[in-house]
Amino acid sequence: MKFGVVIFPGSNCDEDMIHVLGTVMGQKIERLWHKDHDLKGCDFIVLPGGFSFGDHLRSGAIARFSPIMTEVIDHCNNGGYAFGVCNGFQVLCEAGLLPGTLAHNDSHRFICKNVHLKVGSTDTILTSGVSDRPLKIPIAHGEGKYFAPEDELKEVLDKDQVLFRYCDPSGEIVAEANPNGSLDNIAGVTNTGRNVFGMMPHPERAADDNLGNIDGRALFESILQAVPA
């Protein structure tokens, strides 16, 4: 499988993602600049974290109009895979590829710490191979509060599109475990076609033995187990 990592002005987790996918997981990687008009034969597109265009509007709202996004949207609408993390999650929501949007944290402060996640839907290549134990994954965001209008949120819940929820270390979904005020403790979602994924926590920051935490590696392993090489 060939992964394409999209790089916007302000991306700062692109090399982290490239390291995990290329060095740790041993996959082919293509760097895709935001002004490119070609996905260069990539099978799986990844939008990493960062501060695209400085986040002067809503996070991801400007990046959504970069030339590469036309190709990403077509890729996804044709059933191709895409995965957005943190700012990448915001971009996918702004592009209409994922339901909902991301707003300022309730605290209106940037938060950087480890959180715990409970896997929701396992009917995706991102989560099908992940165990049901809570995952410890770091967050680093100022606009990570997941929000959707009542009718849209109901559809997300009814169609089992929630990939992850913030939970306590024992796996209980409680208000105290919610770091940013996200509705229903939602930390990640998929689309109805289950080929586009977004999450606010950073699995690539918990996928290398040198970091002392490899809980995030389970997501990348799940992808590779589910999709033929």
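The values are calculated or read from the model by the stated rules, or taken from the named source; none is laboratory data. The structure presented is a predicted model; accordingly, all values stated were derived computationally and were not measured. All Cβ positions, glycine included, derive from the backbone under ideal geometry; neighbour counts span all protein chains shown. When the accessible area is computed, the model is the full protein with side chains, heavy atoms only, and any ligands, DNA or RNA have been set aside. Shrake-Rupley method; radii C 1.70, N 1.55, O 1.52, S 1.80 Å.
Out of every Cα-Cα pair in segment 18-118, what percent are more than 23 Å apart? The partial results should precede the final answer.
On the way: 1518 of 5050 pairs.
That tail contains 30 percent of the Cα-Cα pairs.
Between TYR166, LEU219, VAL91, the Cα set farthest toward the positive side of the dipole of segment 84-229 (charges on each charged residue's Cβ, about the Cα centre) is that of LEU219. Computed extension length for MET1-VAL174: 58.5 nm, one decimal, from 0.36 nm per residue of separation with the Cα-Cα distance subtracted. Average projection, convex hull of the Cα set of segment 185-229: 4.2 square nanometres.
Subtracting the Cα-Cα distance of ASP38 and PHE110 from their residue separation scaled by 0.36 nm leaves 22.5 nm. Taking 0.36 nm per residue of separation and subtracting the Cα-Cα distance, full extension of the segment from GLU155 to ASP184 would add 9.1 nm.
Of LYS28/LYS113; LYS113/LYS136; LYS118/LYS159; LYS118/LYS145; LYS28/LYS118, which pairs sit farther than 20 Å apart, going by alpha carbon to alpha carbon? Before the final figure, lay out each step's value.
Details: LYS28/LYS113 30 Å; LYS113/LYS136 10 Å; LYS118/LYS159 18 Å; LYS118/LYS145 17 Å; LYS28/LYS118 30 Å.
Those over the limit are LYS28/LYS113; LYS28/LYS118.
Shape analysis of segment 55-187 yields a ratio of the Cα radius of gyration to the Kirkwood radius, Rg/Rh, of 0.95.
Here the dipole of the chain is about 300 debye; that uses its Cα centre as origin and unit charges on the Cβ of Lys and Arg (positive) and Asp and Glu (negative). Free of any trypsin sites (Lys or Arg not before Pro) that DSSP assigns to a loop and that have at most 12 other C-beta atoms within 10 Å, the longest stretch within the chain is 110-229.
Protein heavy-atom accessible surface, 1.4 Å probe, per residue over segment 4-50: 41 Å².
Output the antiparallel fraction of DSSP beta bridges having both residues in the chain, as a percent to the nearest 5. Mind dumping the intermediate values first?
Values: 22 of 39 bridges.
Antiparallel: roughly 55 percent of the beta bridges in the chain.
Taking every alpha-carbon pair in segment 139-219 and binning the separations at 5 Å intervals from zero gives 3, 14, 21, 24, 21, 11, 4, 1, 0 percent. Taking Rg/Rh (Cα atoms, Kirkwood Rh) as calculated from this structure, the corresponding entry among [x] 1.04; [y] 0.92; [z] 0.95 is [y].
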